[in-house]
Structures are given as structure tokens and as C-alpha cells.
Amino acid sequence: MSKFATAAATSHTLSLAAMEEASRSGQRTTDVGHLLMALAVNEQVAGQVLRGLGVTLDAVREAVAAQHAEQLGSLGIKAEVPAGGKIVFHETGGYEWDRPSLEIFERASGGDKRGDAAAVLRELIVEPSGMIAAVLRRLGTTPEAVVAGLDEAERYPSHKPLRTVSPGRLSGVSEAFAPAPVERVWELLADASRMPDWEPGIGSIESGPPAVRVGDTWVARTRTTRPDGKALRVKPELLAQQVEVVALEEGRLIEWCFTYPDVALSNAKRIRVELEPAAGGTQLRLALAWDRNADRPRRPVRALLLRPLTRLSIWMQLSQLGGGISRVFR
């Protein structure tokens, strides 16, 4: 990915996770503490380094709350920090970054810096208020230890946010992180009835077998309302979907195929999720592909012109999938 694409993708992913965290306590202004929480569940090297140092999401939540309480106490203010509840970001609105956080993103993509999560983390741990340094000390580590971990990890870069799976195919792969053991993540993904919890296009599972085996199919209904209750425009022929398991390795891999039985010559969407144990939870490798119906007429010129928008669409779908799975456990 180009520097611009990397910075934009990282900003989007971190902003979404941070604002989701802010929504848990009814806040609309997202600050550096929320940014650290977002980095703690990020799938890139930055998140892996933090979790390897014990800086997990739950630990950061507690440390940030304790640090805020201590700061208020030093001013003679006795006030309870709002307890975190359910993520309601997608049902509400009006969220924004505070100025210090925006400046961190700006510095992370300035000059020869790539704007990825590691660059953001390097800027965050030296933010001038000292808030993040204090939180890290509460968690038994230091900014220096984080920098050392980043330096070591970045000698062997492995994270590839998105690439084309095969030329000419509408497909892509990405990674995500879920703050839960592999066993719990597998229980979610291997239960068709829970698909609406993480797949944004599915509103409900109407019928199907109780167990998940290769070749089994379910009838699903397309989502017709947004999380905030507003209606989504869905064509009548797109309301019904057939969902099939096409690959399965117990506890490690599952692949689903989605089709629209009421649409002639419709393409099929495939979602493949691989699970791997990681510090603090589960690393997810996601693949999404649209298999073109062989009987559909080809329009190569149109496809070429729409390629940039297609890549963006695939990335957005992958981002929503990874975020949806992770959100279940937050």
C-alpha cells in the first residue's frame, strides 16, 4: 500500500475503535487514552508489541480510569470516572477527536513517517501531557520498552493490510485482532445463528441445521435497518440470501459462501476466516472474494475504470468484518 493509503486505512481503523471505546462511557470527544485502547486491539505490529508487554485492552481501560481519577484527586476533585458499558457508537453520533490526538496522527504521517499504527504509537507515547507514559508505568512498562519492542518487531515486517488474491478477481485479504481466546472466537464464527453479530450484511438467520458442517446451508435475511434504527434501501430480490459452509477446519478455519437465490446470474461472496492464537487474544486472517457468475457478460473496460473503487469497497468490507468480530468481545 502507498503511504497515503496506509495512513488513511490506519486512521480509519484506529478512529473507529477509539470512538467505540469513548461511546462506552457516554463521551463524544475521543482522547489519547481512547487512542491507546484502540492500539491495544490493533492487528498491526503496534498492537502485537503492546499486547506482548501486557498492555491489553482490559488493562488499558483500568489504567486510564485510574489515571484520570488520580489527576482529578490531585486537583481536589472527588469524582467517579464513568464506568464503561456497551459500545453504542453505531447507534449514536457526534464523535470527534480532541486536538492533541489529531496532532499525533498528523505527526505520524509527516515527513518520511508512514502513518501506520507503529508510527502513531511512537508519537502517542511521547505526547506532552505525560498521560500515556503514566498509564504505561501503571501497566508495568515504559515508553522506552515500547520503542524497543517496535524497533525489534519492525526488523522483520510481516503485516500486510490488504493485497489482491488473484489478478482480475474481486478479492482481498486483511488481518484483524479479537481480544478473546481462539476457543471463544471459534464458538462465535461456527454458530450460524450468531452471524448477524459480526457480518454487517446479515440481519437474521431464518433457518438451517443446528451444527456447522461443510455443505450445510442456511436461509438468511439481509439487514434492512442500520444500527441507529434508520431504514436501509434494499431491493426486494436482495432480501433473501443463502449461506453455505464451503470449508471448515475445526477451531482454525471457516469459509462461508453467500448467494442471492432470487437474483439471476448473481455473483457469490466468499468470506474466509483463519484463527491463530496471539498474545492477549486471537489474530484473524480474513479473505473476501466475489466470484463472478460465468454466464454474466464481461465488461473489461468498465471493470478497469472501476478498479480503484472496487479495491476501496473490498477494503471497507474487510474492515467491517474484522471490526465486527472484534467488537463482539469488547
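The values are calculated or read from the model by the stated rules, or taken from the named source; none is laboratory data. Just so we're clear, the structure is a prediction, and the values are computed from it rather than from any experiment. Because the Cβ atoms are built from the backbone with ideal geometry, glycine has one as well, and the counts that use them run over all protein chains shown. Accessible surface is based on the protein model in full, side chains and every heavy atom, while ligands, DNA and RNA are left aside. Shrake-Rupley method; radii C 1.70, N 1.55, O 1.52, S 1.80 Å.
Once you order the gyration tensor axes a ≥ b ≥ c over the Cα atoms, which shape class does the stretch 71-131 get: rounded for a/c under 1.5, otherwise prolate or oblate by comparing a/b with b/c?
Oblate shape, in that a/c is at least 1.5 and b/c is the bigger or equal ratio.
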note = GNM on the chain, Cα springs under 10 Å; top mean-square fluctuation among 178, 148, 22 goes to 148
inquiry  = Using only DSSP helix segments of four residues or longer, with each worth -39500 (n - 2.57), what per-residue ellipticity at 222 nm results for the chain after dividing by its residue count and rounding to 500?
reply    = -12000 deg cm²/dmol
inquiry  = With a cut-off of 8 Å between alpha carbons and a minimum separation of six or more residues, what is the relative contact order of the chain in percent?
reply    = 17 percent
note = Gyration tensor on Cα atoms of the stretch 166-208, a ≥ b ≥ c root eigenvalues, a/c under 1.5 rounded, else prolate if a/b beats b/c, else oblate, says oblate
remark   = The extension gain from residue 320 to residue 213, computed as 0.36 nm times the residue separation minus the Cα-Cα distance, is 36.0 nm
ask   = How would you order 182-195, 273-286 from highest to lowest mean count of nearby Cβ atoms within 10 Å?
value = 273-286, 182-195
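Pairs of alpha-carbon atoms within less than 8 angstrom and 6+ residues apart define the contacts here; what relative contact order does the stretch 179-221 have, in percent?
Values: 42 pairs, mean separation 12.7, N = 43.
It comes to 30 percent, rounded to a whole number.
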query = Among the lysines, which have Cα under 23 Å from the Cα of residue 269 when same-chain residues fewer than 8 positions away are ignored?
reply = 160, 235
inquiry  = Can you tell me which of 143, 179, 236 moves the most in a GNM of the chain? Springs connect C-alpha atoms under 10 Å apart.
reply    = 236
inquiry  = Which order do you get for 11, 74, 23 if you rank them by accessible area with a 1.4 Å probe, largest at the top?
reply    = 74, 11, 23
task = Give me the Debye-computed log₁₀ of I(q)/I(0) at q = 0.10, 0.11, 0.12, 0.13 Å⁻¹ for the chain, equal point scatterers on Cα only, no solvent, two decimals.
result = -0.64, -0.76, -0.90, -1.03
task = Go ahead and set up a Gaussian network model of the chain, Cα springs under 10 Å, then flag whichever of 154, 123, 255 fluctuates most.
result = 154
message = Could you sort 225, 13 by their accessible area in this structure, using a 1.4 Å probe and putting the largest first?
response = 225, 13
ask   = Helix hunt in the chain: which complete DSSP H runs extend at least 20 Å axially by C-alpha with mean Kyte-Doolittle at least -1.0?
value = 3-23, 57-74, 307-328
Formal net charge of residues neighbouring residue 119 (Cβ-Cβ distance under 14 Å; K, R +1; D, E -1) = -3
task = Quick one: compute the contact order of the stretch 38-159, relative version, from alpha carbon pairs under 8 angstrom and 6+ residues apart, as a percent.
result = 34 percent
task = Specify whether the C-alpha gyration tensor of the stretch 184-230 places it in the rounded, prolate or oblate class, a ≥ b ≥ c being the square roots of the eigenvalues: rounded for a/c under 1.5, otherwise prolate if a/b is larger than b/c and oblate if not.
result = oblate
query = Please state the Cα pair-distance histogram of the stretch 5-99 with 10 angstrom bins from zero: what percent is in each bin?
reply = 16, 44, 32, 7, 0
key: Neighbourhood charge, 10 Å Cβ-Cβ cut-off, centred on residue 61 and excluding it, Lys, Arg +1 and Asp, Glu -1   = -1
request  = State to the nearest 20 debye the size of the charge dipole of the chain about its Cα centre, where the only charges are +1 on K and R beta carbons and -1 on D and E beta carbons.
outcome  = 1200 debye
ask   = Probe 1.4 Å, all protein chains in place: accessible area of residue 316 in Å², nearest 10?
value = 60 Å²
ask   = How much net charge surrounds residue 49 when only the other residues with a Cβ under 10 Å from the Cβ of residue 49 are counted, with Lys and Arg +1 and Asp and Glu -1?
value = -2
